[in-house]
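Let me begin by presenting the structure, written as structure tokens, before commenting on it.
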Amino acid sequence: MSATVSVDHLLTTRSLTKNFRGFTAVRSVDLDIRRGGIHALVGPNGAGKTTLFNLLTGFLKPTSGSITFDGRDITGLQPEDIVHIGIARSFQITSLFDNMTALEHLQLALSSPTGVSLRFWRSERRLDRFRARSLELLDQVGMADLANREVGHYAYGQKRAVELALAVALDPKLLLLDEPTAGMSLEDVDRTIELVLRIATGRTVVFVDHNMRVVGELADRVTVLQQGEILVEGTYDEVRQDEKVITAYLGQAHA
Amino acid sequence: MTNPTLPTAVPSDLSLDPVAARGRLVRRLVLLGIGVLAALVLPLVIYPPVASDILAWALFALSVDLLLGFTGLLSFGHAAFWGGSAYVTGIIAIRLGVPFPVAILGGMIFAMAIAVPIGYLSVRRSGIYFAMVTLAFAQMIYFVANQWLDVTGGENGLQGVPVSFFGISAVETDSFTFYYAALVLIVIGMVAGWRIVHSPFGRVLTAIRDNSARARALGYDVERYKLIAFVLSAGLAGLAGGVFTISHGFVSLQEVDWPTSGKVVLMTVIGGIGTLWGGAIGAAVIVLLEDQLSSSGFEGTGIITGAIFIIVVLLFRRGIWGTAQNGFDRIRRALAVRAQRKRNGDSAVATRIDDGS
């Protein structure tokens, strides 16, 4: 690697590796995420995509290698610290608080950097000052009408929309979306593509998805992972026509 | 409610309905009234020292529920804070002769102080491991109390704890009047517990309870919040233990022993986990039951309380309070649905006919 870190890379990993008891889930990955772009990570199941996400967000500690974000070494930081530095994520499996309303979710996200949440002697009405912004964010994902309903009652697509709003509420520089369209109906997929494009303005997005239409419509860069290693990186069209990718996905016989 | 012809849409939208909100407020005020009344007449109905016991255990159970019901942590070592405070309160009262609320404050501060290292080391664990670590620390406190004879009296306990209260002899000598002085302290503790649960901090606690990875991904330092909750809970347990000591006039070694930790969890579960007030019901049930059984000379109290515990866990998972709450909600919904049907009866029929054509 050259000594000068290119400024238009928001996130860089070098030789990033994660071993689980002898099994290498992520092997020596050098990833460069351009600032302002939408970057897709694709690859068959077990390629290490979610592990990579967990490494980038601090939920897993790398075995070796480094992660640099916005010129700062963030290797080994705790998830809650990484959020405040500017990386937010959504989860592959919808991960919400079923007994809370959507509004309460957004208030929780918006109050996170303010420190108001440590005030155990204050009324929860203190959170009302995040109400307007919460509703604005929910409106952005089309969920303002259901703001006062507990998310346990929501349909799947609605929960995914709240996930997106939550990630945006943290106002991250880098947004990591783990399979934002997994398990969705066709129309929900279209709506989500539109949503991601809308919330991507002014941010950098990295997402994982198995739906190649989603990848084609959203991503300006695509990285293909296989067995924990980077196989190919390029634009969607480059990657799609790459011999190695075709082999990896379809097997030797079709190549 | 965009479609008034759908009565099934009523129950889940009740939270948005201003009429229902007013109904809930009324219900809360009625319950509060009943609670206050019950607390005020309690020493008229039962032997006042037993009534004071119920107060102390009620706050102790609330402190456990703050962790178990609202943070998702089962502490099996809360006797350390209740009993630790009991000893310190007793020692301060004996040696300094200060008014008892001051002695109790000292006990409370001690409980919170020991909760910092204990909590720091145990909140890193969860589930059964958390319970075991807290139990281990509580047993260390027990060991110290048992061995340090000069200070704690060992197995003889700490005898002759005076009730000093600004020279007001009614409180100092009459257990009936003392009850009301104790009630003030316990109510302060309960209001504090309620405030914590309904604060921005309490919101984060429930988030951590329901999904701690998600809470971290929203930028919350989960261990820090758990630790603060642990220390606050220990403070309330300490307040309760201090009141208990002054009420009894002595401290016995069993206050720091593990069955005490078990008993308070039992009360919390019987009353209803995550209900905050349920613990008071559980405390009343257990304290009264133990009092009745022991005065009748029955030896196997544990068999009876154990049986109640099993019944509650198997049949009423939400405890006495939670089950009553469920019942209320069901009746309220049924009434709301019926009222809605009556109101929209004609239009609903009309719609059905339209659909049929």
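The values are calculated or read from the model by the stated rules, or taken from the named source; none is laboratory data. Keep in mind that this is a model prediction, so the values were computed, not measured. Neighbour counts are summed over all protein chains in view; Cβ atoms, including those assigned to glycine, are modelled from backbone coordinates with ideal geometry. Side chains are part of the model used for accessible areas, which takes the heavy atoms of the whole protein and leaves out ligands, DNA and RNA. Shrake-Rupley method; radii C 1.70, N 1.55, O 1.52, S 1.80 Å.
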When you look at the Cβ of every residue in A:113-126, what mean number of other chain Cβ atoms sits within 10 Å?
-> 5
Those residues in region B:218-232 that give up at least 10 Å² of accessible surface, probe 1.4 Å, once the partner protein chains are present instead of the chain by itself are B:LEU218, B:GLY219, B:TYR220, B:ASP221, B:ARG224, B:TYR225, B:ILE228, B:LEU232
Of the DSSP H helices in chain A, those whose Cα atoms cover at least 18 Å axially and whose Kyte score averages 0.0 or more = A:156-169, A:186-200
Packing-wise, with mean Cβ within 10 Å as the measure, how do B:34-45, A:136-147, A:168-179 rank, highest first?
-> A:168-179, A:136-147, B:34-45
List, in order, the whole-Hz ³J(HN,Hα) value for each residue of region B:145-153 obtained from phi through the Karplus relation with A = 6.51, B = -1.76, C = 1.60 and θ = phi - 60°; use x for Gly and Pro.
-> 4, 6, 8, 7, 4, 4, 9, 9, x
Could you work out the per residue convex hull volume over the alpha carbons of the protein assembly as shown, in cubic angstrom?
-> 217 Å³
Give me the distance in nm between label points sitting 7 Å out from Cα along the Cα-to-Cβ direction at A:ILE246 and B:ARG125, one decimal.
-> 5.8 nm
Give me the angle, in degrees from 0 to 90, between the Cα long axis of helix B:175-197 and the longest principal axis of the Cα atoms of chain B, rounded to the nearest 10.
-> 50 degrees
Rounded Å value of the spacing that divides the Cα centres of region B:227-250 and region A:52-87 | 41 Å
With the full set of protein chains in place, find how many percent of the accessible area of region A:1-153 is carbon and sulfur; take the probe as 1.4 Å.
-> 47 percent
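Determine the total buried accessible area between chain A and chain B, counting protein heavy atoms only with a 1.4 Å probe; round to the nearest 100 Å². Don't skip to the end; give the middle numbers.
Working: alone 13040 and 18390 Å², together 28510 Å².
Summing both sides, the interface buries roughly 2900 Å².
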Region B:118-173: chymotrypsin sites (Phe, Trp or Tyr not before Pro) in DSSP loop, at most 16 other beta carbons within 10 Å | B:TRP148, B:PHE166
When the convex hull of its Cα atoms is projected in every direction, mean area for region A:9-254 (nm²) | 14.3 nm²
Using only atoms on other chains, find how many Cβ atoms lie within 10 Å of each Cβ of peptide B:186-199 and report the average.
-> 2
From zero up to wherever the largest Cα-Cα distance of region A:130-255 sits, split into 10 Å bins and tell me the percent of pairs in each.
-> 11, 38, 30, 14, 6, 1
Relative to the longest principal axis of the C-alpha atoms of chain B, give the angle of the C-alpha long axis of helix B:18-45, reported between 0 and 90° and rounded to the nearest 10°.
-> 30 degrees
Grab the protein assembly as shown and count how many Lys pairs have their alpha-carbon atoms under 20 Å apart, sequence gap of 8 or more, or different chains.
-> 4
Quick one: helix B:301-315 against the long Cα principal axis of chain B, what's the angle to the nearest 10°, folded into 0 to 90?
-> 20 degrees
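Which order, highest average first, do B:186-197, B:278-289 follow once you tally other Cβ atoms within 10 Å for each residue and take the mean per peptide?
Working: B:186-197: 19.2, B:278-289: 24.2.
Output ranking for B:186-197, B:278-289: B:278-289, B:186-197.
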For the protein assembly as shown, the per residue accessible area (1.4 Å probe, Å²) is 47 Å²
Computed over chain A, the relative contact order (Cα-Cα under 8 Å, seq sep at least six) in percent reads 26 percent
Among the chymotrypsin sites (Phe, Trp or Tyr not before Pro) in region A:1-97, which ones are in a DSSP loop with at most 10 other Cβ atoms within 10 Å of the Cβ? Mind listing them?
-> none
Would you calculate the volume per residue, in Å³, of the smallest convex hull containing every Cα atom of region B:7-343?
-> 155 Å³
